[in-house]
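Structure first, commentary second.
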Amino acid sequence: MTTQNPSDAGLAAAQPAAYWTGVAYESLIAFIRARLAELGHTQPQFWLLRNLSENDLSPDGQGRTLPELREAMASYLRPEDDLAAESEVLLGRGWLTRDGEGRLWITEAGEEARVGVQRNAPAIGDAIHEGIDDADYVTALKVLRRMISNTGGAV
């Protein structure tokens, strides 16, 4: 049984879901980015590594240009994310290389860094989920998905 938080007293079904989902989104992104910063990375740097790794999101392990990477990340890049600047940092660390045609490639050191960051993802997720039953979490996701569907969005 879930206990009610005293601050929940004013909540009602008439509360604006768009407001609360926006607040949740901003808070979650800020939290995740702060945890990654503690590890010495930015979220866009991690996404670059993930999208170039044949062991993660890269469909073929081949190098990609910045426009191709931006397109691949279009659904989750934020307006302030500067992939060109972030890739320069990773090139400087030796985690990426760039070929003569402008394609970025992940290096062995970059793959090791990606795996290291990914190893910390469960702890970040655990902190976000602290005090939330799995069943409640799944219910919240189902509710959000239904609202998205009800408003014509893609689920």
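The values are calculated or read from the model by the stated rules, or taken from the named source; none is laboratory data. If you're wondering where the values come from, they're calculated on a predicted model, not measured in any experiment. Every residue, glycine as well, gets a Cβ built from its backbone with ideal geometry; the counts of neighbours run over all protein chains shown. Quick note on the areas: whole protein, heavy atoms, side chains included, nothing else; ligands and nucleic acids left out. Shrake-Rupley method; radii C 1.70, N 1.55, O 1.52, S 1.80 Å.
Okay, here's what the table says:
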{"item": "Most mobile of 126, 56, 136 in a GNM of the chain (Cα contacts under 10 Å)", "result": "136"}
{"item": "Neighbour-limited loop hits for GluC sites (Glu not before Pro), the range 38-70 (at most 15 other Cβ within 10 Å; DSSP other than H, G, I, E, B)", "result": "54"}
{"item": "With eigenvalues of the C-alpha gyration tensor scaled by 5 and rooted, the range 19-75, Å", "result": "25, 15, 9"}
{"item": "Most fluctuating residue given options 43, 15, 118, as computed from a GNM of the chain linking Cα atoms under 10 Å", "result": "15"}
{"item": "Rh (Kirkwood; distinct C-alpha pairs) - the range 43-86, Å", "result": "10.5"}
{"item": "Cα centre as origin, Lys/Arg/Asp/Glu Cβ charges: the range 63-104 dipole, Debye", "result": "120"}
{"item": "Relative contact order (%) - the chain, alpha-carbon pairs under 8 angstrom, separation at least six", "result": "18"}
{"item": "Unit charges at the beta carbon, dipole of the range 36-155: most positive-side option, 65, 147, 109", "result": "147"}
{"item": "Accessible surface of the range 1-137, 1.4 Å probe, proportion on carbon and sulfur as whole %", "result": "55"}
{"item": "Local electrostatic count, residue 152, Cβ distance below 14 Å [Lys/Arg +1, Asp/Glu -1]", "result": "+2"}
{"item": "Fraction in percent of alpha-carbon pairs per bin - 5 Å, the range 97-149", "result": "4, 15, 12, 13, 12, 11, 10, 12, 8, 3, 0"}
{"item": "Mean accessible surface per residue for the chain, computed with a 1.4 Å probe while every protein chain stays in place, in Å²", "result": "65"}
{"item": "Proportion of all alpha-carbon pairs of the chain beyond 26 Å (%)", "result": "40"}
